[in-house]
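Here the structure is laid out as structure tokens; the discussion comes afterwards.
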Amino acid sequence: MRPFEYVSPSEKAQAVSLLAATWGKTEILAGGTDLLALMKDDIVSPRRLVNIKEISDLNGVSANGRGIRIGALSTLDDLANNATIQKNYPAFAEALVEVASPQVRNQATIGGNLCQRPRCWYFRNGFGLLPKDQDGKELVTVGENRYHAILGNEGPAKFVSPSTIAPILIAYGATIWLQGPKGKRELPLEKFFLAPKTDGEREHDLRPNEIVTDVLLPAADRVQAAHYEVRQKKAFDWPLAVAAVTLTIGEAKIRSARIVLGSVAPVPWRSFEAERVLMEQLIGEGTARDAAEAALKGARPLSGNSYKVQLARVAVKRAILKTISGGGGA
Ligand SMILES: Cc1cc2nc3c(=O)[nH]c(=O)nc-3n(C[C@H](O)[C@H](O)[C@H](O)COP(=O)(O)OP(=O)(O)OC[C@H]3O[C@@H](n4cnc5c(N)ncnc54)[C@H](O)[C@@H]3O)c2cc1C
């Protein structure tokens with residue numbers, strides 16, 4: 001590991017002032033479950049590490065008029081065991097419990113989870129987010145791509161967005177708060193994730209001198225929600241496909257729907273096509289199948305990952321059926 005300066009500010013504004021205005025010079029340290037591995041592998045080599053864990057007002061969950069506010073330093077374990085989240089956002093609680101292992105969840109924070117870097121093996125081996133060979137060919141296209149994107153992969157970004165809690169947060173309509181030198185800004189969480197188009201761009205709408213301070217979840221009293229993951233096996237690994245669904249139902253018909261897929265695109269993938277299919281329909285096996293079909297209609301698998309199309313389709317269908325049954329369906 002290269003030497004670096006370590007600072008532990010106790011206030012948000014102080015943390016922001018210690019961050020550089022360009023990427024590469026400084027990094028924010030939260031739980032460290034992703035960042036420290038990247039530093040040890042020399043994929044990221046900041047000259048200064050800004051530890052934010054001493055900033056007490058980045059902690060905790062509190063209710064306000066709009067729903068709940070979750071501080072960026074809340075650990076995944078604390079959130080999974082939070083009574084308000086279990087009662088009002090049960091699909092989020094379920095997604096949290098499925099992340100990694102108890103040890104990782106004890107240490108990992110929600111801010112770090114949303115800002116974690118892609119698991120793409122080209123990126124993790126030092127070839128960058130948009131890896132190319134010596135002839136300028138996209139390495140992911142010509143190389144091993146079994147875990148890469150099947151949707152939204154027309155551009156140079158072909159990694160998959162790694163956070164498995166982002167889809168359900170987006171389905172619940174979460175917003176994210178950021179603080180930088182010019183003050184605070186709020187974004188719908190779905191707009192926080194970006195597919196970079198050129199080298200040097202990152203996969204989040206986060207400036208190098210900004211910190212994530214909070215995630216806000218709107219009230220979800222009338223929402224029926226589900227999270228469904230397809231994994232290679234029951235282990236601490238990232239899943240192959242994720243689907244998150246929120247519905248509001250009135251007089252037995254679907255009045256609003258949000259469907260968000262994970263592990264299939266460079267960003268959490270909201271399927272407006274599938275949402276349209278569900279509108280004003282009675283929920284049932286046929287409707288769920290049609291919506292799942294629509295969600296994957298635009299899939300463009302790479303040479304080695306067409307198997308993911310069916311997995312994602314099944315995830316969407318089962319998540320929709322789970323909103324009413326708590327089960328899944330074949
Ligand atoms: C074995 C294993 C299995 C895993 N499985 C899953 C899984 O199934 N699903 C899943 O979603 N994740 C999974 N993870 C990833 C894990 O959830 C993340 O590593 C963790 O959430 C990152 O949080 P952290 O607090 O440790 O972040 P850190 O490692 O401290 O930081 C991660 C990144 O976020 C930045 N960052 C952190 N906090 C902030 C902030 N407040 N503002 C701005 N930038 C910030 C850091 O600079 C860094 O770039 C797994 C990890 C392991 C080791």
**Request:** Please specify each residue of region 285-313 satisfying the condition of being among the hydrophobic types (A, V, I, L, M, F, W, C) and closer than 22 Å to LYS253 by Cα.
**Result:** ALA288, ALA291, ALA292, ALA294, ALA295
**Complete:** Within region 209-234, residues being within 19 Å of the chain's Cα centre (by Cα) and within 11 Å of the ligand (Cβ to nearest atom) number 8
**Message:** Taking the condition of being under 25 Å from ALA274 (Cα atoms) and in contact with a Lys or Arg (Cβ under 9 Å, 6 or more places away or on another chain), how many residues in region 153-174 meet it?
**Reply:** 12
**Fill in**
Flagged in region 97-142 as part of a loop (DSSP other than H, G, I, E, B) and among the polar types (S, T, N, Q), in numbering order, are SER101, GLN116, ASN125, GLN134
**Prompt:** Would a scan of region 88-101 turn up a residue that is out of contact with any Ser or Thr (no Cβ under 7 Å at 6 or more places or on another chain), free of Cβ contacts under 8 Å to residues at least 24 places away in the same chain and more than 9 Å from the ligand (Cβ to nearest atom)?
**Reply:** yes
**Prompt:** Inside region 178-188, can you point out the residues that are within 11 Å of the ligand (Cβ to nearest atom) and of a type outside the set (A, V, I, L, M)?
**Reply:** GLN179, GLY180
**Request:** From the list ALA195, ALA174, ALA149, pick out the single residue that is at pLDDT 95 or above, touching a Leu at 6+ places or on another chain (Cβ under 7 Å) and within 29 Å of VAL97 (Cα to Cα).
**Result:** ALA174
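Working only within region 18-75, note down all residues that are hydroxyl-bearing (Ser, Thr, Tyr), within 11 Å of the ligand (Cβ to nearest atom) and in contact (Cβ under 8 Å) with a residue 40 or more places away in the chain.
Selection gives THR26, THR33, THR75.
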**Request:** Among residues belonging to region 250-295 that are in contact (Cβ under 8 Å) with a residue 40 or more places away in the chain and among the β-branched types (Val, Ile, Thr), point out the one that is surrounded by the fewest Cβ atoms within 10 Å (Cβ to Cβ).
**Result:** ILE283
**Message:** Take the residues in region 155-177 that are crowded, with 21+ Cβ neighbours inside 10 Å, within 14 Å of the ligand (Cβ to nearest atom) and not in a loop (DSSP other than H, G, I, E, B); name whichever of them is farthest from the chain's Cα centre (by Cα).
**Reply:** ILE176
**Asked** over 30 Å from GLN224 (Cα atoms), of a type in the set (S, T, N, Q) and modelled with pLDDT under 95: does that describe GLN179?
**Response** no
**Request:** Please go through region 193-209 and pick out each residue that is touching a helix residue (DSSP H, G or I) at 6+ places or on another chain (Cβ under 7 Å) and in a loop (DSSP other than H, G, I, E, B).
**Result:** ASP205, LEU206, ASN209
**Asked** With (1) out of contact with any Ser or Thr (no Cβ under 6 Å at 6 or more places or on another chain); (2) in a strand (DSSP E or B) as the list, and ARG69 as the residue in question, which single condition is left unmet?
**Response** (1)
**Request:** Answer with yes or no whether LYS191 is more than 15 Å from the ligand (Cβ to nearest atom) and without any contact (Cβ under 8 Å) to a residue 40 or more places away in the chain.
**Result:** yes
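So which of SER56, SER17 ends up being hydroxyl-bearing (Ser, Thr, Tyr) and within 25 Å of the chain's Cα centre (by Cα)?
Numbers: SER17 fails: within 25 Å of the chain's Cα centre (by Cα).
After ruling out the rest, the residue left standing is SER56.
The values are calculated or read from the model by the stated rules, or taken from the named source; none is laboratory data. Small disclaimer: the values here were computed from a predicted structure and weren't measured. Cβ: placed from backbone, ideal geometry, glycine included. Neighbour counts: every protein chain shown.
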